[in-house]
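Take a look at the structure set out below.
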Amino acid sequence: MKRLGTVLHTIDNLLIVRADKTLKKDAFTNAMVITKSMKRIGRIKELFGPVNAPYISIAIFRETKGSELMKLKNERVYLA
């Protein structure tokens, strides 16, 4: 379980995450994203923004509820 980053926003069916500084800048497109409690929340859709501090968009799984997403704001998410 690698630390991916911190959740900043939810937009429609996407989470926007600020990538962690310890994350290598490799492309993780389609990698599984989980919470600290090991709940699967989605897959990485794309990396964007500046190279030294990228953002990551995560396509959220349909079974993830909106109320759960609101609780994720400012929480860390991880790569499975």
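Rule-based calculations on the coordinates, nothing more; no lab input. These figures come from a predicted structure and were not determined experimentally. With ideal geometry, Cβ positions are generated from the backbone for all residues, glycine too; neighbour counts draw on all protein chains shown.
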query = So how many residues does segment 27-54 have that are among the aliphatic types (A, V, I, L, M), surrounded by 10 or more Cβ atoms within 10 Å (Cβ to Cβ) and within 15 Å of Leu69 (Cα to Cα)?
reply = 3
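Condition first: closer than 14 Å to Glu75 by Cα and either of a type in the set (Gly, Ala, Ser) or loosely packed, with under 13 Cβ neighbours inside 10 Å (or both). Now tell me which residues in segment 16-26 satisfy that.
Step one: of segment 16-26, the residues closer than 14 Å to Glu75 by Cα are 16-20.
Selection gives Ala19 alone.
Might you check whether a residue that is touching a helix residue (DSSP H, G or I) at 6+ places or on another chain (Cβ under 9 Å), of a type in the set (Val, Ile, Thr), in a loop (DSSP other than H, G, I, E, B) and touching a residue at least 12 places away in the same chain (Cβ under 8 Å) occurs anywhere in segment 41-55? Reasoning before the result, please.
First, pick out the residues of segment 41-55 that are touching a helix residue (DSSP H, G or I) at 6+ places or on another chain (Cβ under 9 Å): 41.
In the following step, the residues that additionally are of a type in the set (Val, Ile, Thr) were identified as 41.
Next, only the ones that are in a loop (DSSP other than H, G, I, E, B) stay: none.
No: segment 41-55 contains no residue that is touching a helix residue (DSSP H, G or I) at 6+ places or on another chain (Cβ under 9 Å), of a type in the set (Val, Ile, Thr), in a loop (DSSP other than H, G, I, E, B) and touching a residue at least 12 places away in the same chain (Cβ under 8 Å).
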inquiry  = Step by step: first the residues of segment 1-38, then only those that are among the small types (Gly, Ala, Ser) and not in a strand (DSSP E or B), then the one that is nearest to the chain's Cα centre (by Cα). Which residue is that?
reply    = Ala31
